[in-house]
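Encoded as structure tokens, the structure appears first; notes follow it.
The values are calculated or read from the model by the stated rules, or taken from the named source; none is laboratory data. Computed from a predicted structure; not experimentally measured. Glycine gets a Cβ as well: all are built from the backbone with ideal geometry, and neighbour counts include every protein chain shown. Side chains included, ligands, DNA and RNA excluded: accessible areas come from the protein's heavy atoms. Shrake-Rupley method; radii C 1.70, N 1.55, O 1.52, S 1.80 Å.
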Amino acid sequence: MSVTGTSGTTSHDKPGANAAGATKSAPPAPPGPPGPPGGAMIPPHARLLLLTNGKRVSQVVYALAEAGVADVLAGGELTVPQLAEKTGTDPGALRRMLRCAAAVGVFTLRDGGKVGLTDMAQALRSDVPNSQRDMILFNGSEAVNRPYAEISTALRTGRPVFDEIFGMDFFGYLRQHPETSALFDRAMSRMSATTTQQLLDAFDFGRFRRVADIGGGQGYFLSELLLRHQEVRGTLVDQPQVVENAPGFFAEKGVAERAEVVSGDFFGELPSGHDAYVLKAVLHDWDDAAATAILRGVRRAIGDDTAARLVVLEHVLAPGDAWDQGKFLDIDMLLRFGGGERDLAEWRELLAAGGFALEGEPAAGRWAALVCRPV
């Protein structure tokens, strides 16, 4: 799995550090402006041009995050020269980038020359529980940016461009770039910690006795599930190099006696005998043909047990032109893997091709638990 916004990972689904205890005190942050003054009155052609400023703003925020500006400001406001000295940046360039970021509500730049944190800038700190710094740094990295330079190629061909650009697939790239891999791990860990709790709150896994987490990384989601439901036993399935440290992690979490680790591949044979199988943020990495193959592998593992269920934990896109962050992440999936986020109709079609029928109608525009019965 891989997400550049609000998703999880397969081989990088590690537990996120609990940063709550490390949070420093800081003065209350004033709310940032919602957008340009009179934004609703801007002519359509000007609003369209404003949209293309996104890449400028995102890279400015990336540079300020990389410099650690928000961490330095955690103790209170500073002047630009003071901030430049503490961050090792050029005062003139720093002022200009802060001016740009402040225009969209990230940081404040007061008439007196003082720089401060807004609510959004607080999330750029590295020591707060809802920190977005690692994700922003990953989104500004070569691995994300270079494929966007070839987005027209993807538009013409419908195929991912990552492999052609770098000469290897995404996870191969991470293996050859350990710093980017570590950054990706940290970003996904933060996100997984949030989505895991949301999904466990939304769906009762306590109804099952044995749960197999397919492509579950190092076991963070499964460990949290087992901690919530003391009567459940779990099996973690992922590639050997991914699950290598999982037994020790389960021991640290206190669930080792109820957690089995199996080296495997979700395109290969999967363990049978479970009454629930979980695919968390796996299928969006793959096109329909590959995703169908994964689903059929789970269907074979279920066999004749019609009481067993598959629980797919994924984003369900909002219909039509409704706002949905997943619609932006969908482009990442297109460029990087050839996979994608799916709306409810697409999920139903895909699940049917894999041998499942969707029970109920999960909410759209968010992460959801798609409960599927074998057919």
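Residue under question is G303, and the condition is that it be of a type in the set (G, A, S), without any contact (Cβ under 8 Å) to a residue 60 or more places away in the chain and over 24 Å from F337 (Cβ atoms); does it hold?
Spelling it out, G303 is indeed of a type in the set (G, A, S), without any contact (Cβ under 8 Å) to a residue 60 or more places away in the chain and over 24 Å from F337 (Cβ atoms).
Tell me, please, whether a residue that is open to solvent by 60 Å² or more (accessible area, probe 1.4 Å), within 28 Å of A103 (Cα to Cα) and acidic (D, E) can be found in the range 120-136. Scanning the range 120-136 turns up no residue that is open to solvent by 60 Å² or more (accessible area, probe 1.4 Å), within 28 Å of A103 (Cα to Cα) and acidic (D, E).
Residue-wise test of (1) of a type in the set (G, A, S); (2) under 28 Å from P147 (Cα atoms); (3) under 22 Å from the mean Cα position of the chain (by Cα).
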{"position": "V298", "(1), (2), (3)": "no, no, no"}
{"position": "H315", "(1), (2), (3)": "no, yes, yes"}
{"position": "K327", "(1), (2), (3)": "no, yes, yes"}
{"position": "G339", "(1), (2), (3)": "yes, yes, yes"}
{"position": "A345", "(1), (2), (3)": "yes, no, no"}
{"position": "G354", "(1), (2), (3)": "yes, no, no"}
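When residues in the range 327-354 are screened for being at positive phi and touching a strand residue (DSSP E or B) at 6+ places or on another chain (Cβ under 6 Å), 0 of them pass.
Does R125 count as over 26 Å from the mean Cα position of the chain (by Cα) and among the basic types (K, R)? Spell out how you get there, then give the answer.
Numbers: over 26 Å from the mean Cα position of the chain (by Cα): no; among the basic types (K, R): yes.
Answer is no for this residue.
Of all residues in the range 300-323, those satisfying the criterion of being surrounded by fewer than 20 Cβ atoms within 10 Å (Cβ to Cβ) and of a type outside the set (A, V, I, L, M, F, W, C) are R300, G303, D304, D305, T306, P319, G320, D321.
Checked against the criterion of being within 30 Å of A301 (Cβ to Cβ) and among the aliphatic types (A, V, I, L, M), the range 204-211 contains one or more residues that satisfy it.
Residues checked against (1) within 24 Å of E231 (Cβ to Cβ); (2) open to solvent by less than 40 Å² (accessible area, probe 1.4 Å):
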{"residue": "H177", "(1), (2)": "no, no"}
{"residue": "T180", "(1), (2)": "no, yes"}
{"residue": "L183", "(1), (2)": "no, yes"}
{"residue": "Q197", "(1), (2)": "yes, no"}
{"residue": "F203", "(1), (2)": "yes, yes"}
{"residue": "R207", "(1), (2)": "yes, no"}
{"residue": "R210", "(1), (2)": "yes, no"}
{"residue": "D213", "(1), (2)": "yes, yes"}
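For first residues located in the range 251-262 and farther than 14 Å from R209 by Cα, partners that are surrounded by fewer than 17 Cβ atoms within 10 Å (Cβ to Cβ) and lie 6+ apart or on another chain with Cβ distances below 8 Å form the pairs K253/L227; G254/L227; V255/L227; A256/P247; V261/P247; V262/P271. May I ask you to verify whether F170 is surrounded by fewer than 23 Cβ atoms within 10 Å (Cβ to Cβ) and under 22 Å from the mean Cα position of the chain (by Cα)? Taking the combined requirement at face value, the residue satisfies it. Selection within the range 215-234: residues that are surrounded by fewer than 21 Cβ atoms within 10 Å (Cβ to Cβ) and under 23 Å from the mean Cα position of the chain (by Cα). The member of this set that is nearest to E314 (Cα to Cα) is E224.
Restricting the range 137-159 to residues that are surrounded by 15 or more Cβ atoms within 10 Å (Cβ to Cβ) and within 15 Å of S58 (Cβ to Cβ) leaves a set whose member that is farthest from the chain's Cα centre (by Cα) is P147. Just one of the numbered conditions (1) open to solvent by 50 Å² or more (accessible area, probe 1.4 Å); (2) closer than 27 Å to H229 by Cα; (3) touching a residue at least 40 places away in the same chain (Cβ under 8 Å) is not true of S272: (3).
Of A363, A345, A357, which residue is open to solvent by 10 Å² or more (accessible area, probe 1.4 Å), aliphatic (A, V, I, L, M) and touching a residue at least 40 places away in the same chain (Cβ under 8 Å)? Steps first, answer last, please.
On the way: A345 fails: touching a residue at least 40 places away in the same chain (Cβ under 8 Å); A357 fails: touching a residue at least 40 places away in the same chain (Cβ under 8 Å).
Step by step, each of A363, A345, A357 is checked, and only A363 is open to solvent by 10 Å² or more (accessible area, probe 1.4 Å), aliphatic (A, V, I, L, M) and touching a residue at least 40 places away in the same chain (Cβ under 8 Å).
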